[in-house]
Amino acid sequence: MCGIIGRIGRGEAIEPLVTGLENLEYRGYDSAGVAVRNGAGIEIVKRSGTVDTVAEAIDGADLGGSLGIGHTRWSTHGPPTDENAHPHTCATSDVAVVHNGVIENHAALRARLRDAGHEFTSETDTEVVPHLVHEHLDRGLEPEAAFRRAVDELEGSYAIAAICDGATAIYAARQGSPLVVGYAGDGYFLASDVPAFLEYTDTVTYLEDGDVAVLRPDGVRITDRTGTPARRDRQTVDWNAGEAGKGDFDHYMLKEITEQPTSLAQAIEGRYDADTGRIALEDLDSFADVERVVLVACGTSYHAAKYGTVALRRSGVDATAILANECSLAAPPIDEETLVIAVTQSGETADTLAAVDWAKRHGARTLALTNVVGSSAARETDQQLFIRAGPEIGVAATKTFSSQAVLLSLLAHRIAVDSTGTSGLAHEELCRELERLPDHVSSIVDESTAASIATRYHGRDAYFFIGRGYGYPVAKEGALKFKEITYEHAEGFASGELKHGPLALVTPETPVYAIFTGEEDGVTRTNAAEATTRGAPVVAICPPGHDAIELADAHLAIPDVHPILSGLLATIQLQLVSYHAASLLDREIDKPRNLAKSVTVE
Ligand code: M6R
C-alpha cells in the first residue's frame, strides 16, 4: 500500500530509483513519481498511472543527481491524479516528501498552515509534511532538525522520506508503516520493502517504530525521535533478485503458482520426520499451557487461518479464526492461556497488526506465521514461524496460501500434542504424504486442464465455489482469487449451505466448482447435485475415478491424498482457473484494480 524508495551514493540515482519503483509497483499503481536533487535544485517527475508512464516521462527529462526519492501510490486521500501523485513539495519546492500511511491529524495541520499563508496543491494528507519541514527551515533550523520537528507534529501511521535542497541527505521516519535501509557497495537505499533494491544489495536494516534515519553518502545514522542513537542489526536476507523477478513468465501470478513445488518443499523442510511421524517446528516453546487458539488474519491469509482452524479442531484443540479487522468489535474472549496466531504473508497488514496489539493487551501469547523475516508482525509477536515462500509480488496471494496452510496443519498437530498429550490428526500418514507433496503439486501444475475449463465457462453470470471441512476455506479462497483478478462475481460457500439460500442464485449460467477432499464426499456430491438439478454446470475437483465425476460437467484432477493436503492441492487448480479466466478477459492480473499487495492502513 504505497511504495517508497530512496537512494543516495556514487553515480546517478535515477536508474535505481526507477528500478525500485518497478519492483514496488505491487504496493500501489495509481500514480508514481520521483524527486532527484542536483546542483540546480530538486527536480520532480510524477504522473497518474503506472510506473511505466512515469518512466517514459523520466526518459525525456534528463534527471541528473546522485540522491533522490520515489513513490508508487495506492490512493487514500484524493483520487489518482497528477496533482495527488507523490513526491509532494512546499511552495518553493525546496523540500520533497514521499509517504506511505495515513496522517490522521492532516486536516488540523493543513488548517493551521493555511492560516499561516501556505497554499496547497493536492488533496493528500501527505502534503502537510513538506510544508511543515519548510516552516521549520524558515525558522532557521537545519534540515535534519526541521525534519524531526515536522515528524513530531504528525499523528497516525507513516513511513516518510524527505530531501531538502542544499542538503546531501535523505531523511526518513517510521511509525506504523514499514521501512528498510539497504547497504550497497556504492551507496544506500531506503524502501518500503526489500525487493525494491534486491538487485543492488541483500544487506538490510529494518527500521522500528519511532526510528529516524539519516542517509548520507558516507553512512546511515539511525536514532530515536529524540536523536539518541538506536542499535539496529544488519541482516542478510535470503531472497535473491532472480526470485523477485518475473523470469520468462507473462505474470508474476503464474510464476508464483508454478513455484509451489519449491515453496512448499522449503516450507516443510526439516520440520517433520517422515519415518517417525514426529513434527519438529524449530525452537517454538512448548504449547503445554495453551487452552485455546485464536487465529487473526485478513483476505487470503484469513482463509489459510480457517484452514488451520479445521486442522486444530480436528486435532482436539479449541480454535477460532477471526477477521483481524473484526477484533475490536467482535473479538472472542482471550486471556493468558490463549495463543493468538497472526497469519500474514507480508507481516505488515495494519488490521492484523492491530489484532496483535489487542492480543498483547489481553496478555495472550502471540505467534506470527509470516513470510517476511524482518516484518512488523515478526517483531511484535512472542514467537515466529516463517513460511519460507520467497518473495510474492503478484497482488493475488498464491504460493503463500499453500505454505501457510501446510504449516498450520503441522502446527495444529504440535499444539495438540503439547497441550492435550494427543492429536486427532492422522499425522503419521500426513508426514508420509508430505514427502510426495512437491511432486503432487508439480503434476497438477504440469497437467492441469484449468485453461480449457476457464475457456469453457467464460462469460457466465457468476461463479460459485463449494466445499466442506478443509474444502470450505478452499472454496472461499477460490472465490476470492476469482473475483480479485477477473472482476467477475464469485462466491464461496460451505457446500451444505447452498440449499439455505444461495441456491436461489443458481441457474444454468452459474458454474459451480465443487471441492472433494475425501471426507463426507457423498454429502458434497448431494450438494453438487442440487446445483446440477437446477441446470448449473458443476466442475468437480477430485481424484480421477471419483464418483462425483459422473454428475459433473467437467473435472479438475487432484491426487488421492490425506484430506488436509487435498484441500491445499485443490487450491492450486483453482488458482490456475482464476489466472486463465482473468487472462481471457485481458485483466491486469498482477495489479488488479483498486487493490494493493500490502494493506498498511486500517
Ligand atoms: O500480507 P497479508 O497476508 O496480511 O495480506 C492479507 C490480505 O490483504 C491478502 O491476503 C489479500 O487478501 C490478497 N491480495 C488476496 O489475494
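The values are calculated or read from the model by the stated rules, or taken from the named source; none is laboratory data. Values in this document were obtained by computation on a predicted structure and should not be read as measured data. When we count neighbours, we look across all protein chains shown, and the Cβ atoms used for this are built from the backbone with ideal geometry, even at glycine. Protein only, heavy atoms only, side chains kept; ligands, DNA and RNA dropped before computing areas. Shrake-Rupley method; radii C 1.70, N 1.55, O 1.52, S 1.80 Å.
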| note | By accessible area (1.4 Å), largest first, Ser66, Ser403 order as Ser66, Ser403
| said: Going by amide H atoms built from the backbone, whose H comes under 5 Å of the H on Leu425, apart from near neighbours? | reply: none
| Geometric extent, Cα atoms of region 178-218 - Rg, Dmax (angstrom) | 9.8, 28
| What residue among Ile8, Val220, Gly316 has its Cα farthest toward the positive end of the dipole of the chain, where the charges are +1 on Lys, Arg and -1 on Asp, Glu, each on the Cβ? | Gly316
| query | So how much accessible area does Glu25 have, in Å² to the nearest 10, using a 1.4 Å probe? | reply | 20
| note | Sorting Leu353, Leu190 on solvent-accessible surface, 1.4 Å probe, most exposed first, gives Leu353, Leu190
| message | Above 22 Å lies some portion of the pair distances; for region 3-243, what is it as a whole percent of all C-alpha pairs? | response | 46
| Hey, if we sort Asp547, Asp94 by accessible area with the 1.4 Å probe, largest down, what's the order? | Asp547, Asp94
| query | Based on the Kirkwood radius over alpha-carbon pairs, what value in µm²/s does the Stokes-Einstein equation return for the translational diffusion coefficient of region 155-267 at 4 °C and 1.567 mPa s? | reply | 82
| Highest average packing first - 465-478, 173-186, Cβ atoms within 10 Å | 465-478, 173-186
| said: Using a 1.4 Å probe on the protein heavy atoms only, what accessible surface does His118 show? Give it in Å² to the nearest 10. | reply: 30
| query | Could you give P(r) for region 12-152, binned at 10 Å from zero, as whole percent values over all Cα-Cα pairs? | reply | 13, 42, 35, 10, 0
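How large is the Kirkwood hydrodynamic radius of the chain, in angstrom, based on all distinct alpha carbon pairs?
For the chain, inverting the mean 1/r across all distinct Cα pairs yields 25.1 Å.
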| field | Among Thr398, Ala274, Thr126 - extreme Cα towards positive end, dipole of the chain, charges at beta-carbon | value | Thr126
| request: Could you sort 11-21, 549-559 so that the peptide with the highest average Cβ count within 10 Å comes first and the rest follow in order? | output: 11-21, 549-559
